[in-house]
Amino acid sequence: SFDEVHRLLKPGGKAFIMVKNHRDVRASKGTEVAPHEFLINQTDDGMPWNNEQDMRLTLLPRAAVLDICGKFSHVMINEMTTSLDDDKYLEAAWLIYLTR
């Protein structure tokens, strides 16, 4: 958890965290079972993440990430996207840089 990262870092210490976000295709291929939590329960032939079937993933929007990171002295968030299978699927992740 982000609280644990904050606890472990020394003052001025830095962390880098990468997490999938709410724009990732997995959100559209799953069922939202709680706010921002998706059960991956749909598949397509050749889908690159078939091994994630029946997993629960938390896919957060930027505002939720900022709320979680409130204890840090500096937070920078960038988005990284990758398309797969001739632009059929979009993988989207937050690149989160934190300073305690």
Unmet criterion (only one of (1) surrounded by fewer than 14 Cβ atoms within 10 Å (Cβ to Cβ); (2) of a type in the set (D, E, K, R); (3) in contact (Cβ under 8 Å) with a residue 60 or more places away in the chain) for D45 = (3)
Scan the stretch 53-82 residue by residue and report those that are β-branched (V, I, T), outside any strand (DSSP E or B) and closer than 27 Å to Q42 by Cβ.
-> V65
Looking only at the stretch 56-95, count how many residues are surrounded by 11 or more Cβ atoms within 10 Å (Cβ to Cβ), aliphatic (A, V, I, L, M), under 20 Å from R26 (Cα atoms) and within 14 Å of the chain's Cα centre (by Cα).
-> 10
Tabulated pairs, the stretch 59-73, first within 16 Å of K14 (Cα to Cα) and at pLDDT below 95, second of a type in the set (V, I, T) and not in a loop (DSSP other than H, G, I, E, B), C-beta under 6 angstrom, 6+ apart or interchain | none
I17 vs (1) hydrophobic (A, V, I, L, M, F, W, C); (2) assigned to a strand (DSSP E or B); (3) exposed (fewer than 11 other Cβ atoms within 10 Å of the Cβ): all pass except (3)
When residues of the stretch 24-42 are filtered for being assigned to a loop (DSSP other than H, G, I, E, B) and surrounded by 18 or more Cβ atoms within 10 Å (Cβ to Cβ), how many remain?
-> 2
Taking the stretch 1-14 as the region of interest, how many residues are without any contact (Cβ under 8 Å) to a residue 24 or more places away in the chain and either small (G, A, S) or assigned to a loop (DSSP other than H, G, I, E, B) (or both)?
-> 1
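The values are calculated or read from the model by the stated rules, or taken from the named source; none is laboratory data. Just so you know, these numbers come straight off a predicted model, no measurement behind them. Cβ: placed from backbone, ideal geometry, glycine included. Neighbour counts: every protein chain shown.
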